[in-house]
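Okay, handing you the structure first.
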Amino acid sequence: MPEAVSFDDLEQDSFMVGGETSYTLLPVFNDPTPLGNRYLFVYTVNNNPKKFFSEFSDNVNNGQPNQRPLLLPNDDGDADDIKVTIGDTIHVEMQCIDESVYTFYSALLQLSGGGPGGGVTPTNPPSNISNGALGYFSAHTVRTRTAVIQ
């Protein structure tokens, strides 16, 4: 299991897109000096069962304070989309994960349309389970924080 990293705070920021306000949260933590740390952020809005994911690695900011914000949902027009507004509560879970789980989520997010140019050719994400099973096994640390959008 990867070493736990302290999850110190969440800092909020906002920006305008097409005349509407969108929000981000910056997870405040210092990445440890050894290269190879991987993080998975799982977050929900107002305890809605729909979960959002972001994966980070320390390849760019090894040993430095985190600089990558979480982009909060801004209703893309689908019936089940969520738009974050003032007063919403965002629950964020920071997981310190190993490289194989990071690879799984990185591929999964690209396959789901988050990749370059809107996605990649459909395929199964790489698994760390043998015999062709789809999924992953993870032993990870968990730290949580909650923020109310202001």
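The values are calculated or read from the model by the stated rules, or taken from the named source; none is laboratory data. For clarity, every value in this text was computed on a predicted model and none was experimentally measured. A quick note on method: Cβ atoms are made from the backbone with ideal geometry, for glycine too, and the neighbour counts reach across all protein chains shown. These area figures cover heavy atoms from the full protein model, side chains too; ligands, DNA and RNA do not enter into them. Shrake-Rupley method; radii C 1.70, N 1.55, O 1.52, S 1.80 Å.
Hey, could you get me the Stokes-Einstein D for the chain, Kirkwood radius over alpha-carbon pairs, 25 °C and 0.890 mPa s, rounded to whole µm² s⁻¹?
Values: Rh = 16.6 Å.
Translational diffusion coefficient: 148 µm²/s.
Which FRET efficiency value, to the nearest 0.05, is calculated for L108 and T141 with the Förster distance at 25 angstrom and r the Cβ-Cβ distance? Please report the intermediate quantities before stating the final value.
Numbers: r = 21 Å, r/R0 = 0.82.
With R0 = 25 Å, the Cβ-Cβ based efficiency is 0.75.
Placing +1 on the Cβ of each Lys and Arg and -1 on the Cβ of each Asp and Glu in the chain, which of N131, I90, N30 has its Cα farthest towards the positive end of the resulting dipole?
With unit charges placed on the Cβ atoms, the residue in question is N131.
Here's something else I'd like to know. Below 8 Å between Cα atoms, with a sequence gap of 6+, how large is the relative contact order for the chain in percent?
Numbers: 301 pairs, mean separation 40.0, N = 150.
Relative contact order, the chain: 27 percent.
Run the dipole for the chain about the Cα centre, Lys and Arg Cβ at +1, Asp and Glu Cβ at -1, nothing else charged, and hand back the magnitude in debye, nearest 20. Don't skip to the end; give the middle numbers.
Working: 7 positive and 18 negative charges, 52 e Å.
Dipole magnitude for the chain comes out near 240 debye.
Using a 1.4 Å probe on the protein chains only, how many percent of the accessible area of the chain belongs to carbon and sulfur? Intermediate values should be presented prior to the final figure.
On the way: 4240 of 8620 Å².
Exposed carbon and sulfur together represent 49 percent of the surface.
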